[in-house]
Structures are given as structure tokens and as C-alpha cells.
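Scroll down for the structure; my scribbles are underneath it.
Taken together, the values in this text are just the output of simple stated rules run on the coordinates, not laboratory data. Not measured: the values here are computed from a predicted model. Backbone-built Cβ (ideal geometry, glycine too); neighbour counts: all protein chains shown.
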């Protein structure tokens, strides 16, 4: 990790740039301390804008990121359709582009951010995969935006709530089983849910393994990341489950 952001560890082409912000290095005050990048969490808009400006400067971004109004859905937007009008905030849970100097961005605090690119370095995408969006198909929809075969697509799983602490009900397991693309994914889904001791209908869910299963069922074979836990690592990541009122980390990718 760099001081205030981490660089995804994946073999992306040189044309592809990516970064994930940490919660340090900004000016937001408690409980958003300090590098909150979300406008919708009741933080000071002045502080958030200052953090966003610092982000552009620190990462030498070629443009203002396209921030989304995320709704735990499955829709994506094509970034150039909304540029150069940064005041527009489309309602979507993913974005993609094949144009240089356009920045896709996702905000998370326990949900899973997934960054995508193709092997030739001509297209990138970012998706917000909370369990609802992941179950509903946000990742398969993102893969479908690529012009090449899914086997030419690579994905990076960013920081999310870890499998040791993400407790869910039996209805979540059933939803994933019902929406699986094939029998092999159903098997992987079952393996990703561990029963909570002493409970008949509670499970610990592994978002990373559920995302891997979804991506594999969609034809993606190059899958990286999945090594962090936003809930237990309070020094680096915001966590909605841990703090409820909190900030958001940003995951960004651009050409």
C-alpha cells in the first residue's frame, strides 16, 4: 500500500491505470475521517470536494471521475455519454469506457468493488457489487459490455467485508442459488456460505468467492485480488456494518 491509496496487484496492460483510496490523507472529520469521497453520507460537501480535488492531484487523473448514484442494482453506464458534464450523476452501479482519459469510479464501504480490463488494454470498467447487485447480475452485465471474449477479460476484486464477519440470512443463500448461471456455480455458491454455529438460518457469506463463481460462470478466467477485509481493517477502510455512519473508499480505473 502507498500512503493513502493502494495499487491493485494484477497483470493489467500498461495502458490501464487503477487505484483504490484508503481512508487516510483527507480532511473529513469524525466519523468520516479523513478521506471520505462520498457526497451522500452527510459529510461536509466542502470537505468531500476537497478530498476529490486532492485525489485528482495525487493520482494525476486525466479527468474528473464519473461518480455514480449507486443503488445496489445491475445497470451500467458508458462513461463518455456523460462527459464532459461532471455535474451529472447517473443512477447506476457500474461504468465502462473504451476512451482514453475517462475515469470510472465506484464508492464502497463493505460492498465489493470490482475493476475490469481486457488483455489488449482498450477497455476498462468498474462495478459496485454488494450482495444484492452481485446476486442480480452486475458482474455478468459488466463482462457483457466488453467487445471481446470473456476469456480476454481480467477482473480485480477490491476491498470488501471479509468471509469471517459477513453474516447473512438463509434468504441470501437461496437468492444466489436461484440466480446461478449453471450447476457448477450453484455448487460454488453453497461452498461460499458457512453455517453460523448455533443458528439454523444464519450464514457467513464469502463475497469474494461468490464473485469468483459469478465471473467464472460468465467466462472470465483471470481473477485477482480478494485479499482484504473492510470490516476488520479500520485503519485503511470504511465499513458500514462496523460504523453505520461512515465514509466511502473509491476504486478507480482509466485508460
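Placing a label point 7 Å from the Cα of residue 44 along the Cα-to-Cβ direction, the residues of segment 1-37 whose backbone N falls under 16 Å from that point are 25-37. Beta-bridge orientation, the chain: approximately 80 percent antiparallel, per DSSP, counting only bridges with both partners inside. Length gained on full extension, residue 224 to residue 3: 77.4 nm, using 0.36 nm per residue less the C-alpha separation.
Taking each residue as 0.36 nm, the span from residue 99 to residue 200 lengthens on full extension beyond its C-alpha to C-alpha distance by 31.4 nm. Calculated from the alpha-carbon coordinates, segment 1-86 shows an Rg and a Dmax of 14.2, 38 Å respectively. Going by neighbour counts of Cβ atoms within 10 Å, the residues 128, 4 line up, fewest first, as 4, 128. For Cα Rg over 2.2 N^0.38 Å, the value computed from the atomic coordinates appears in the list (1) 1.22; (2) 0.96; (3) 1.06 under label (2).
Just the number, please: percent antiparallel of the DSSP beta bridges in segment 134-255, rounded to the nearest 5.
For segment 134-255, the DSSP antiparallel bridge percentage is about 60.
Segment 144-235 has equivalent-ellipsoid semi-axes of 25, 18, 8 Å, by the square roots of 5 times the alpha carbon gyration tensor eigenvalues, sorted largest first.
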